[in-house]
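*Asks:* Provided herewith is a single structure, encoded as C-alpha cells, for subsequent inquiry.
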Protein chains: 2
Amino acid sequence: MKNAVNREIPDHLLGSDRQVYQGKYAKDGTYVQKASPRTRRHVKPEETKLCQSIREACERCGAHDGMTFSFHTEFRDGDYVASMVAKVLVEDMGLKDITVAATSLGQAQEVIADYIEAGKITGIQTSGVRGRVGEVISAGKLAQPAIIRSHGGRPRAVEAGEVQIDIAFLAAASADKYGNASGLGGKNNCGSMGFAIHDAYYADHTIIITDCLVDFPNLPASINAIDVDCVCLVDQIGDPSKISTKEARMTENPRELMMAENVAKVMAATPYFKDGFSFQTGVGGPSLAVTQFLEKDLRAKNIKMSFCLGGTSSAICHLQDQGLVDYILDTQDFDQGAIKHLASHPNHLEISLSEYANPANKGAYVNMLDFVVLSALEIDTDFNVNVVTGSDGVLRGAPGGHPDTAAGSKCCIIVTPLTRGRMATVCDLVVTVTTPGDCIDVLVTDYGIAVNPARPDLAESLTAAGIKHVPIQALRDKAYELVGQPDDLEFDDQVVAVVEARDGTILDVVKKVKPFSL
Amino acid sequence: MKNAVNREIPDHLLGSDRQVYQGKYAKDGTYVQKASPRTRRHVKPEETKLCQSIREACERCGAHDGMTFSFHTEFRDGDYVASMVAKVLVEDMGLKDITVAATSLGQAQEVIADYIEAGKITGIQTSGVRGRVGEVISAGKLAQPAIIRSHGGRPRAVEAGEVQIDIAFLAAASADKYGNASGLGGKNNCGSMGFAIHDAYYADHTIIITDCLVDFPNLPASINAIDVDCVCLVDQIGDPSKISTKEARMTENPRELMMAENVAKVMAATPYFKDGFSFQTGVGGPSLAVTQFLEKDLRAKNIKMSFCLGGTSSAICHLQDQGLVDYILDTQDFDQGAIKHLASHPNHLEISLSEYANPANKGAYVNMLDFVVLSALEIDTDFNVNVVTGSDGVLRGAPGGHPDTAAGSKCCIIVTPLTRGRMATVCDLVVTVTTPGDCIDVLVTDYGIAVNPARPDLAESLTAAGIKHVPIQALRDKAYELVGQPDDLEFDDQVVAVVEARDGTILDVVKKVKPFSL
C-alpha cells in the first residue's frame, strides 16, 4: 500500500495498530489512551537502593529473557553505560531475545552489533543508528526489522505502549543513594538528561548508574527518586570529551559558511524574523554555523529570540549570554561549553523529549517553533528528506528531532551542499524518506536556493528581499550535471528497518542491500 | 470485619479491590499497574489553548454528567477557582452526578455544600473537609460515602485508577497561552503548586485558570504545557491574604510554647538529632512553634538539617536563611514570607504530592524523614490519632500528610494539649482513626510526655536525657480527671465517609451522627 509520500509499504507490516503515513497533521486532535508502567512500591523508610553491581541491580529488577532495556546517549561517542549493561545482560546473565530501545546507537555501542550477530539481541528501536550496528542491521542480521523513530516519536511510542521498557539504565553524572540523578554535578557531566527523563516515568524499573554518589538530596534532579528502583556506583560512566564529535563541531569550511550565511539571510527575509521568534538548528556543520550569522541580524534589527530549542551548542549559549535569547530549552548538550552553561544560567533549562517533540501530548515545544535549520543526506524534488540511509542504502544516520521540528516549525530550512563526494544530494527520489516533504519549506545549497511550492508566501518574501531562488528541479539538474545521475540501488525483499513517522504510522521501509558484504 | 487498628469495617464496603488496613508496611514491595489518562494530541503548531470563558474550556474538554473534576487548594481559604468552576458545571451547564476530587475542602468551597444538598454533586474525595461541606456530609446528604485520603494516598489512588479525573481545573498565579503555569510570578501568588502537579499528569484534561497571562515560555513552570488542554484568564483566582489562616499562624499561647519547647527537647534527646537530619512539622499552633526552639539546639550542637519537608512557613525559611537547613522541599506555602522565599532561594524547591508522600511510588520523601511533629484532635491509648472528626463526630479536619509522615518518619511526635475546651484529647478510643497508632512514637502534652511502648529505644533515649515520661494511660487518666470521661457518641448505621489508609485499605469509617441537625 502506498502512503502519503508515495512509498510502497508491504502489507504484512500493516494492521489495525499500524497504518501508513497519511500526512503530518492526520492524527491531530484524536484521543490516545496512554500506557503506563507496572512499578514496585517502596513504602518503608531507609530501604537502600544502592547495589554493589549492575548485575545485582538487574536481578533486583527482574531482568529476564525477552526483556526490553533502554538507555540514553547523551554522552554520545563517549558513552560507557550501554555497553556495560549489554555485557552484563548477555554475557554475565546469559539472557537472550533482548530488545534494545535506545535514543541512538553509534560507535560507543558497537558491542550491540556483536550481540545482534550472536542472535542474543533480536530487536532494535532507536532514533539513530551509525557504525557497525547499522551495518549488521542493513545486512539483515536482526531477527525483526529495526524500528527507527524520531525524538518525538519515541516518547509517543512509549506512551502508546508500543515500547514497553522493562528496565531503563540511565547514566547520571551525579546521584544520591535514593536515586535523585542529574547530568551535572559529577566528575563526568553530560549536561541535559532530556533523553532520559521520559524513560524514567514509563519504564517498569529504572536503574541509575553513576560514578559520583553525592549527599541526599541531590537536587534539582533530572530523574526523580520516585521513579528509581536502584542506584549503582561504577568507576566511569563515560568520557565527556567525546561528546563533541565531528558532527557537532563548528565548521571552518568556507562553502559551509557561505551556505550558513544564506540561511541567515533567508530567515531574515521571512515575516517570522521579528522580536520574540524562536529557533532551532541541528548538529551538522552548516546548520550549526547559522547561529554565528544570526547574531549580526539580531543586532541590526534590535530584536531577540524568545527561545532556542533542542540540542544545544556553545554558539547558542553565547547568544543567550549576549542577551539575544531569553530561554534555551535543552534536550542534549553538544559540547563542554554548553554543559557548563546549563549548570550556571538560570534560563538555560533542561527539557524532556516529550516536552520537546512528542506529537501525542497536549502540545510540545516544536509546535511553538518559528525556524528550524536542518541538514540532509539527500532531498528529492518532492522535498522529502533522507537522513538515515547512506548512498549505498546502509543505515548510518539519525532522524533525531528532524521530522519533529520540521513538522512543528513555521519555517523549516534544509541546508546541504548540492553534492557530497560523487553523489547528488538533491535528487529525483531519496533512498529513504525520513522527513516528509510537506514539512520542508526552503532548501539552501551551495548552488542556489529553492522554496517548496506549497509555500508561495515564503517564495514571495524571499523575492521581495532580493533573494534569488529557483525550482528544486533546477538544483537537481545541476547536481546531476556535476556528478551524474546515480544508478538505482539494488535491494533484497527483506525489510531490515521500518521508518516510523512521528505519529506512529509507517513513513518508509529500509530493505537489505543486494549484494551486501560487511 | 475488624482491621489492624481494631475497627469494625462493614462488609459491604469491602471487595477484591478494597481491603481492611493490615499495618503500615503491609503492601511494601508489591507491584502496582499504574493507570493513565486518555489525552488529546496537539500536533499542529499555533493552535490556541486560550478560552474566552471557563464554560468554553469545559465544553472543549467534554464536561459531562457523571464526571469527576479536581482542583488544588493552595490558596486555602482564599481560593476562588473551585467555586467558580462548580458554579459553571452545575448552574451554567446544568450537569449532574458530579464527583469532586479535591486536595481539601473548606470555607472557600462552601458552594459545594449547596450542590451536595441539591443532589448535583454526589461524590466527594478529599484530603480534608471543614465547614459546611463537612456538616452536610456528616448529615448523610451525600449520595455515596465520601472518601478521605492522605496527601500521599491521593496520588496513589489516582495512579491506581481509583480516581479517574476527567478535568483538573488548576489555579495558577501565572501562565502563558500554551499552559506553562506557576504558583509564582503573578498578581496573586500561592507559591508551591505541589498539590496540582500530579493531577496535571493524570487527568484526562487539564484547564489552567489564571489571572495573569505572561509571555511564552513561562518557565520554570509547575505545570507543563504538555499536560494542558486549555488556558482561561479570569479576573481573580484567589485572595492570597487568606492563605495564612488561624491554623497556620505562629502561636503566642504560653502553654503551646511550653509544649513546643518540650518537643524540641525530645527531638534533641534522640539519636536522630545529628548533623544532616530532616524535619517536618504540621500547621497547628504548637507544632509550628517547634521550629523556633530548634534554632537554639541546632546552634548549640553546631549542626544543620539536610531538608525540611512539606507545608512551609516563614519560620522554616528563616532557618534556611540562617544556613541551618540545606533544602526546603515544599508542597504548599503557609504564609506570604514562604511564598516569596520559594521565589528567591535556589534550594527552596517545589515538590509534588507524589514525590512527597505517595506510598505506591518507588520511594517518597517521607521515607527519608527523621522527625515529624504533628498535632491531633484526639489520641487514644493505642496511640491511634484522629484529625478528622470533632468531638461531636462531625467531619471537620484534614489528614493531609499526617498519616504519610507518621508512617515514613523515624520519629513521629504528636503535640497536643491534654484537654481542649471540655474534652479530653487523650482518651480510651478516638472517634475516628485517621493515623494508625503503629506510626506514632511520642506524645507531648502540657501535662506530660508518653512514649509508644513499641519504641523502647526512644523511651530509653528520653530517660537518658533526663526527660520524664509516663505511660499514655496516665495522661488519659489525668485528662479524664480534669474534664471527665465523655459519653459515647451515638451514630446511625449509615456510613457517610470512608477513611482510607495511605495504601488504599480502609482504616475507619465515619457514620452519620444521631441526632443531627444542621
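The values are calculated or read from the model by the stated rules, or taken from the named source; none is laboratory data. Here the structure is a predicted model, which means the values were calculated and not measured. All Cβ positions, even for glycine, are placed from backbone atoms using ideal geometry, and neighbour counts span all protein chains on display. Side chains included, ligands, DNA and RNA excluded: accessible areas come from the protein's heavy atoms. Shrake-Rupley method; radii C 1.70, N 1.55, O 1.52, S 1.80 Å.
*Asks:* B:Ser104: accessible area at probe 1.4 Å, nearest 10 Å²?
*Replies:* 30 Å²
*Asks:* A follow-up question, please. Whenever you get a sec, line up B:Leu429, B:Leu50 from highest to lowest accessible area (probe 1.4 Å, protein heavy atoms).
*Replies:* Solvent-accessible surface, decreasing: B:Leu429, B:Leu50.
*Asks:* Note down the net charge around A:Leu369, summing +1 for each Lys or Arg and -1 for each Asp or Glu among other residues with Cβ under 11 Å from its Cβ.
*Replies:* Net local charge, A:Leu369 excluded: -2.
*Asks:* In addition: Once you list every other residue whose beta carbon is under 12 Å from the beta carbon of A:Gly186, what net charge do they have if Lys and Arg are +1 and Asp and Glu are -1?
*Replies:* Local charge sum for A:Gly186: -1.
*Asks:* Taking the Cα centre of region A:49-242 as the origin, how large is its charge dipole in debye, to the nearest 20, when only Lys and Arg (+1) and Asp and Glu (-1) carry charge on their Cβ atoms? Walk me through the numbers before you get to the answer.
*Replies:* On the way: 16 positive and 25 negative charges, 72 e Å.
Dipole of region A:49-242, to the nearest 20 debye: 340 debye.
*Asks:* Taking loop as defined by DSSP and a crowding limit of 13 other beta carbons within 10 Å, which trypsin sites (Lys or Arg not before Pro) in region B:342-439 fit? Write down the numbers at each step before the final one.
*Replies:* Working: sites: B:Lys362, B:Arg396, B:Lys410, B:Arg420, B:Arg422; in loops: B:Lys362, B:Arg396, B:Lys410, B:Arg422.
The qualifying sites are B:Arg422.
*Asks:* From the cross-link list B:Lys2/B:Lys514; B:Lys2/B:Lys478; A:Lys177/B:Lys410; A:Lys44/B:Lys478; A:Lys44/B:Lys274, which pairs have alpha carbons spaced over 26 Å apart?
*Replies:* Violating the 26 Å limit, Cα to Cα: B:Lys2/B:Lys478; A:Lys44/B:Lys478.
*Asks:* About its Cα centre, how strong a charge dipole does chain A have in debye, to the nearest 20, once Lys and Arg get +1 and Asp and Glu get -1 at the Cβ? Could you put the intermediate results ahead of the total?
*Replies:* On the way: 49 positive and 67 negative charges, 103 e Å.
In total the dipole reaches around 500 debye.
*Asks:* Taking amide H positions as placed in the peptide plane 1.01 Å from N, state which residues far from B:Val426 in sequence (5 or more) or on other chains have amide H under 5 Å from it.
*Replies:* When sequence neighbours closer than 5 places are left aside, the close amide H contacts are B:Ile379.
*Asks:* Say a label goes 7 Å from Cα toward Cβ at B:Asn347 in every copy; what distances in nm does this one have to the rest, shortest first?
*Replies:* Going from nearest to farthest copy, the values are 2.7 nm.
*Asks:* What does the accessible area per residue of region A:49-242 come to in Å², with a 1.4 Å probe and no ligands, DNA or RNA counted?
*Replies:* Solvent-accessible surface per residue comes out at 27 Å².
*Asks:* Divide by every residue of chain B the summed helix terms, -39500 (n - 2.57) for each DSSP H run of at least 4, and state the resulting mean residue ellipticity at 222 nm, rounded to the nearest 500 deg cm²/dmol.
*Replies:* Value at 222 nm, helices only, nearest 500: -7000 deg cm²/dmol.
*Asks:* Sticking with this one: Got the B:Gly119 label distances to the other copies yet, label 7 Å along Cα→Cβ, in nm, shortest first?
*Replies:* For B:Gly119, the inter-copy label distances come out at 7.0 nm.
*Asks:* Identify the residue of chain A whose Cβ lies closest to the rotation axis that maps chain A onto chain B, and give that distance in whole Å.
*Replies:* Of all Cβ atoms in chain A, the one nearest the axis gives A:Ser36, 2.
*Asks:* While we're on this one: Going through region A:1-72, which GluC sites (Glu not before Pro) have at most 11 other Cβ atoms within 10 Å and a DSSP loop state?
*Replies:* Hits after loop and neighbour filter: A:Glu46.
*Asks:* Take every DSSP beta bridge whose two residues both sit in chain A, then give the antiparallel share in percent to the nearest 5.
*Replies:* 30 percent
*Asks:* Hey, if you put +1 on the Cβ of every Lys and Arg and -1 on every Asp and Glu Cβ in region B:246-492, which of B:Leu309, B:Pro471, B:Phe273 ends up farthest toward the positive end of that dipole?
*Replies:* B:Phe273
*Asks:* Separate question: Buried accessible area for the B:A pair, summed, 1.4 Å probe, in Å² rounded to 100?
*Replies:* 6200 Å²
*Asks:* Here's another thing I want to ask about it. Given label points at 7 Å from Cα along Cα→Cβ, what nm distances, shortest first, separate B:Ile303 from the same residue in every other copy?
*Replies:* 5.9
*Asks:* Mind checking which lysines have their C-alpha under 26 Å from B:Lys96, skipping anything on the same chain fewer than 8 residues away?
*Replies:* Answer for B:Lys96, where 26 Å is the Cα cut-off: B:Lys87, B:Lys120, B:Lys141, B:Lys511, B:Lys512, listed by chain and number.
*Asks:* Next up: Within 10 Å of each candidate Cβ there may be at most 16 other Cβ atoms; applying that plus a DSSP loop requirement, which GluC sites (Glu not before Pro) in region B:434-502 survive?
*Replies:* Answer in residue order: B:Glu490.
*Asks:* For chain B, return all DSSP H helices satisfying: extent of Cα atoms along own axis at least 20 Å; mean Kyte-Doolittle hydropathy at least 1.6.
*Replies:* The qualifying helices: there are none.
*Asks:* Further question on the same structure: Let me cross-check B:Ile472: its accessible surface, 1.4 Å probe, with only protein heavy atoms counted, in Å² to the nearest 10?
*Replies:* Only protein atoms counted, so the area is about 10 Å².
*Asks:* Search the structure for amide H atoms under 5 Å from the amide H of B:Val496, placed 1.01 Å from N in the peptide plane, and list their residues when 5 or more places away or on another chain.
*Replies:* For B:Val496, the qualifying residues are B:Val510, B:Lys511, B:Lys512.
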